[in-house]
Amino acid sequence: MRHVKLGVNIDHVATLRQARKEKNPDTVEAARVVLSSGGDMVVMHLRQDRRHVQDSDLERVRHEVKGLLHLEMAAIPEMEKLALKLRPDSVCLVPESPKEVTTQGGMKLEGKNPDLVKTIKSLSDAGIGVSVFADPEPGAIRAAHNMGADSIELCTSRYSEAWGKKLQAKELEKLQLAGFLVKELKMDLHAGHGLDYYNVGPVARIEGMDCLNIGYSIISRAMFVGLKSAVAEMKRLIQ
Ligand code: PXP
């Protein structure tokens, strides 16, 4: 059986908690349920504006939960320092802009970017796996490879938002070609953003896919069936 790993993003457990700024729902409890229901790792995005996940969520999940922790973060000194202190198992470097509702596409990787190279190196030297969130474009993938990243997370938002079978097939083909290049460069292949129970299958079946990172659809479904079933159902779909 193929094993495509499932990273479950629990940011929106914190979004709900922040609506009242009380203790519930607890991200530590969510992380434990994720890992005991078929999720291979817990994913959290610490945003600069702290709109959902707080520093204390990350610290508690890191220290109170046994299992893999994957941190999504902007490639800025504040987050680099925090990651070096917290030591997640892996990070994904993402672009961040204050007004966006959610991450908008992959990192801008054209041209020389010595600061990004330095961040990737310092995280890698600390034993933290580094992936870069990239659009399914050969230029971006080669640039991330040249900068020293060991994994690429392909941004699936254009595929997820594509309207109609024809457009979706076109976006899927771009992801397949990009996946081929990632594997040719001997990097780990991840994908995510906007994936749900209906559109995940073809992405999970891309040759060489190592890991899918999914949040919003799983946490939304959990409202009705519970987090355990929502995670287990997604895990079944991606095998
Ligand atoms: N991958 C990355 C890099 C992301 O920024 C996000 C959103 O935090 C996801 C995956 C998960 O996206 P979604 O919540 O739409 O499943």
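Each value in this text was obtained by applying a stated rule to the coordinates, not by laboratory testing. Everything numeric here is computed off the predicted structure, so don't read it as measured data. All Cβ positions, glycine included, derive from the backbone under ideal geometry; neighbour counts span all protein chains shown.
If eta is 0.890 mPa s and T is 25 °C, what Stokes-Einstein diffusion coefficient results for the stretch 96-140, Kirkwood Rh from Cα pairs, in µm²/s?
Details: Rh = 12.2 Å.
Estimated diffusion coefficient is 201 µm²/s.
Within a 10 angstrom radius of the beta carbon, how do Y198, Y216 rank from fewest other beta carbons to most?
On the way: Y198 9, Y216 16.
Sorted ascending by nearby Cβ count, the order is Y198, Y216.
Can you tell me what share of the DSSP beta bridges in the chain is antiparallel? A percent to the nearest 5 is fine. Don't jump to the answer; show the numbers that get you there.
Details: 0 of 32 bridges.
Close to 0 percent.
Would you list T102, T15, T27 from fewest to most Cβ contacts within 10 Å? Present the calculation step by step, with values, prior to reporting the outcome.
On the way: T102 11, T15 15, T27 24.
Ranking T102, T15, T27 by Cβ neighbours within 10 Å, fewest first, gives T102, T15, T27.
About the Cα centre of the stretch 31-131, what is the dipole size in debye to 20, counting +1 per Lys and Arg Cβ and -1 per Asp and Glu Cβ, all else neutral? The partial results should precede the final answer.
On the way: 15 positive and 15 negative charges, 21 e Å.
With Lys and Arg at +1 and Asp and Glu at -1, about 100 debye.
Rg to Rh for the chain: what is it, with Cα atoms only and Rh by Kirkwood? Kindly include the intermediate steps, with their values, before the conclusion.
On the way: Rg = 16.8 Å, Rh = 17.9 Å.
We get a ratio of 0.94 for the chain.
What shape does the stretch 174-239 take by its C-alpha gyration tensor, where a ≥ b ≥ c are the square roots of the eigenvalues and a/c under 1.5 counts as rounded, a/b above b/c as prolate, and the rest as oblate?
Working: a/c = 2.75, a/b = 2.61, b/c = 1.06.
Prolate.
Taking all pairs of different Cα atoms in the stretch 65-135, averaging 1/r and flipping that mean, what Kirkwood radius in angstroms comes out?
On the way: mean 1/r = 0.0786 Å⁻¹.
Kirkwood hydrodynamic radius for the stretch 65-135: 12.7 Å.
Could you list V101, V130, V8 so that the one with the fewest beta carbons within 10 Å of its beta carbon is first and the one with the most is last?
Numbers: V101 6, V130 23, V8 31.
Neighbour counts put them in this order, fewest first: V101, V130, V8.
Given the options K99, K166, K174, state which has the largest fluctuation in a GNM of the chain using a 10 Å cut-off (strictly under) for Cα springs.
Checking each option, the largest mean-square fluctuation is seen for K99.
I'd like the Karplus ³J(HN,Hα) series for the stretch 145-157: coefficients 6.51, -1.76, 1.60, θ = phi - 60°, whole numbers in Hz, and an x wherever there's a Gly or Pro.
5, 5, 7, x, 5, 9, 9, 10, 9, 6, 6, 9, 5
Of all alpha-carbon pairs in the stretch 1-113, indicate the percentage at a distance above 26 angstrom. Working shown, then result.
On the way: 1217 of 6328 pairs.
Tail of P(r) above 26 Å: 19 percent of Cα pairs.
Taking every eigenvalue of the Cα gyration tensor of the stretch 58-186, multiplying by 5 and rooting it, what semi-axes result, largest first, whole Å? Can you show the working numbers first?
On the way: eigenvalues 139, 61, 41 Å².
Whole-Å semi-axes of the equivalent ellipsoid: 26, 17, 14.
If you average the sequence gap of Cα pairs under 8 Å that are 6 or more apart and divide by the length of the chain, what percent do you get for the contact order?
Values: 444 pairs, mean separation 49.1, N = 239.
That works out to 21 percent.
Quickly estimate the mean residue ellipticity at 222 nm for the chain, helices only: each DSSP H run with n ≥ 4 gives -39500 (n - 2.57), and the total goes over all residues, rounded to 500. Show your work: numbers first, answer last.
Working: 11 runs with 113 residues, N = 239.
Theoretical 222 nm ellipticity from helices: -14000 deg cm²/dmol.
Going down the table (K5/K165; K85/K118; K66/K228; K121/K186; K5/K81; K85/K121), which pairs top 21 Å between alpha carbons? Write out the running numbers ahead of the final one.
On the way: K5/K165 26 Å; K85/K118 17 Å; K66/K228 17 Å; K121/K186 18 Å; K5/K81 28 Å; K85/K121 15 Å.
Pairs exceeding 21 Å: K5/K165; K5/K81.
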